[in-house]
Amino acid sequence: MKSVVIVASHFPPSNLAAVHRARLWSLHLREFGWEPTILTVDWRYYEEPPDWNMLKLLPEWLRVIRVPALPARPKTVGDVGVRSFLWMRRALEELAEAGRMDFLHITIPSNFLAPLGRLLWQSHRVPYGIDYIDPWVHVWPGSERMGTRAWFSRKLSEILEPWSVRDAALITGINRSYFSGMLERNPAVAERVELAVMPYGGTVWDFEVAEKCDLPDGAIFPAPRREGDRLRWVYAGAFLPKSVPLMRAFFAAVRELREMGELPLRGLELVFIGTGKSPNDRDGFQVLPMAREAGVEGLVREHPHRMGYVEVLRNLREADGVLIIGSTELHYSPSKTYQALLSDRPIWVFLHEKSTAWEALDKEKGVCACRWPESGTLDLKDVVDSLKKAFLMEREAKRDLSRLERSVFSARASSEVLAKALDRALAREVKLG
């Protein structure tokens, strides 16, 4: 069996969303001829508190190598990739010298670990790839202001990306738009590199494990449901700046339904989890002020700080329905799409009309959809009508979960796409070598 070392700056017990990329791959790569080893940073050097339930979602046989890093406090450099870079490089060189690596695949972020691939190629001729969980070189809020930390970070990315991808054998991503800009800026790379696209995917196994986990007090937010409670719809995940127009339209539609007398007779509770300004800020409310502005504050509960992944899964199962509210960005494909489907709850989804997530959602039972038009001109009536339909759906969506587990959007299918791409990239390197 061939061996692949996957570099992931964060990995369980980290609770950041990006850990699921490498974690879900690690569950299935063996089935397709690749033995994964995870190279990550020891949890003691993370800035976020650990979530020990996350370890229960790893296969027992998985080899995980954890390296030290410079401490996050006192804070000089926050990025864990920078703080761990020297130890990561040393560990990779030891693995290469021991002959325990046929391929190196690096997930970004942390973007600052991407240069490790080319460094190892230069020293040991180990073929490497880079996985774009997010775009690397792009403009984000604050990065336009010259002289700021965000501005320097963006300028550094414009230097590091072309250097890092120059000898890459494989480029992968959540969808092609995440790395298409890189290919345009680096035509020589585009001509020869193997490419592959796969979503995060998901697995029923996560929900099965979650049901058996002991949860801390307050894990079900705002409280465990009782018979006769209000109808509870849950949104779980980060709230992005470019999601604001969609969220405002959502609350405007809720207000319209209330004024029309079309809300469910049992009443309605809209729950938002992990939507705060930062993962650990218990007072960083972002959704509640928007609900207040729309006049529907009484229907909304917000848990702004991050909640454990296992706890999120239990909250989805506790709900009467799941909300997916996306972004005005074309490339945005929410990683929570598949876990929403696997929750077997009705879904109301509001995404850009060209989001790749529609491929997974369009043919599923229990999904009510509204599309953000590329023109940016939205008819509020469309939002109102789809929401009204969603609130009338039965609590059980009755999806075929075994079919979802076998679909092209599952974690297993994503792992198969990666394995085949690794085979092609390795064969090409052998041929060229």
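Here the chain is treated with +1 on each Lys and Arg Cβ and -1 on each Asp and Glu Cβ, and its dipole about the Cα centre works out to around 500 debye. Sorting the segments 381-394, 409-422 by their mean number of nearby beta carbons within 10 angstrom, highest to lowest, gives 409-422, 381-394. Remark: spin-label model distance residue 30-residue 238 equals 3.1 nm, labels positioned 7 Å along the Cα→Cβ axis. Just want to confirm a number: the relative contact order over the chain, from Cα pairs under 8 angstrom separated by 6+ residues, in percent. 15 percent.
So, by mean Cβ neighbours within 10 angstrom, what's the order for 274-285, 296-307 with the highest one leading?
Working: 274-285: 15.2, 296-307: 19.4.
Ranked from most to least packed, the peptides come out as 296-307, 274-285.
Highest first, please rank the peptides 228-235, 94-101 by the mean number of other Cβ atoms sitting within 10 Å of their residues.
On the way: 228-235: 17.9, 94-101: 14.1.
For the peptides 228-235, 94-101, the packing ranking is 228-235, 94-101.
Between residue 146 and residue 427, full extension at 0.36 nm per residue minus the direct alpha carbon distance yields a gain of 96.7 nm. Spherically averaged projected area of the convex hull of Cα atoms, the range 204-406: 11.1 nm². I'd like the FRET efficiency for residue 52 and residue 1, computed as 1/(1 + (r/R0)^6) with the beta carbon distance as r and R0 of 41 Å, rounded to 0.05. For residue 52 and residue 1, the calculated efficiency is 0.85.
FYI, it's all coordinate maths here, none of it is from the lab. Note that this is a predicted model, so its numbers are computed, not measured. Backbone-built Cβ (ideal geometry, glycine too); neighbour counts: all protein chains shown.
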